[in-house]
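The values are calculated or read from the model by the stated rules, or taken from the named source; none is laboratory data. Note that the structure is predicted; figures quoted are calculated from it, not measured. Cβ coordinates were reconstructed from backbone atoms using ideal geometry, including for glycine residues, and neighbour counts include every protein chain displayed.
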Amino acid sequence: MKRAILDRLVADRAADRPVALATDLESGLQSLIYEGDTHGDFVLDSDILATARQALRDDRSAIVEAAGRRIFLQVHNPALRLILVGAVHIAQALAPMARLAGYAVTVIDPRRSFATEARFPDMALLTDWPDEAMERLALDGRTAVVTLTHDPKLDDPALQAALRSPAFYIGALGSRKTHAARLERLRAAGVGDTDLARIHGGPVGLPLGGRSPAEIALSVLAQITTVLHRAGSTQGHAA
């Protein structure tokens, strides 16, 4: 590998920038492929570029063949992230489950009596207002957000911040009645119906039938997993 490509790849990984390293298995030439750009030794045809960008979205390395070439696409993605708004009982169950599933978890709650190390050992805790915290966290397409507080002063601004981002999943705890009222508040705040349709809620999670905090957490993580791996991250029905 050329030093210039290595240095750039190291910088990309340090910056948590998704990138695929394409290596021509015959010539050894290499290029870096981003969602909207390329950099390196050789020009890649449109088929390989499309495959590489899909590999980034799928988080899956692969060998592909196109135009008489065999190309190894090695995906370097940052960790998946889960942002939990509300240091509540469901968050206490969901945070360690998500970490086992490979997510870097951050719990946000300005209520310091909730957001404690004792309740969330070894978790990243932020006690800022959720919308301010999420703006600094720079949510990307590998980020999931779940609001859990039932407090519109916390959940609504957090949801608005999440909807301004490319987060692949946005969920909000609450009954159908609670969610309907939430949607009306967000509409009144200027959020359009297309954005509102991104929110999984009323209630959140897959319909597993559970009622305990741990069971609800499991249903939410199952729904996040479904959306992550569904082509185009299309929205599913929350139950």
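Quick check on Arg57: is it surrounded by 12 or more Cβ atoms within 10 Å (Cβ to Cβ), of a type outside the set (Val, Ile, Thr) and not in a helix (DSSP H, G or I)? No, not satisfied.
Exactly one residue among Ala180, Ala138 is under 15 Å from the mean Cα position of the chain (by Cα) and surrounded by fewer than 19 Cβ atoms within 10 Å (Cβ to Cβ), and that residue is Ala138.
The set of residues from region 54-76 being under 16 Å from Asp16 (Cα atoms) and at pLDDT below 90 comprises Leu56, Arg57, Asp59.
Regarding region 99-114, can at least one residue be identified that is in contact with a Ser or Thr (Cβ under 9 Å, 6 or more places away or on another chain), under 22 Å from Val204 (Cα atoms) and touching a residue at least 60 places away in the same chain (Cβ under 8 Å)? So far as region 99-114 goes, yes, one or more of its residues are in contact with a Ser or Thr (Cβ under 9 Å, 6 or more places away or on another chain), under 22 Å from Val204 (Cα atoms) and touching a residue at least 60 places away in the same chain (Cβ under 8 Å). Against the conditions (1) in a helix (DSSP H, G or I); (2) in the same structural domain as His229 (by TED's automatic domain parsing); (3) of a type outside the set (Ser, Thr, Tyr); (4) closer than 21 Å to Arg230 by Cβ, Leu139 satisfies every one except (1).
Just one residue in the set Ala214, Ala222 is in the same structural domain as Asp140 (by TED's automatic domain parsing), of a type in the set (A, V, I, L, M, F, W, C), surrounded by fewer than 17 Cβ atoms within 10 Å (Cβ to Cβ) and touching a helix residue (DSSP H, G or I) at 6+ places or on another chain (Cβ under 8 Å); that residue is Ala214. Being assigned by TED's automatic domain parsing to the domain that holds Ile63, surrounded by 15 or more Cβ atoms within 10 Å (Cβ to Cβ) and in a loop (DSSP other than H, G, I, E, B) is a property that holds for Leu44.
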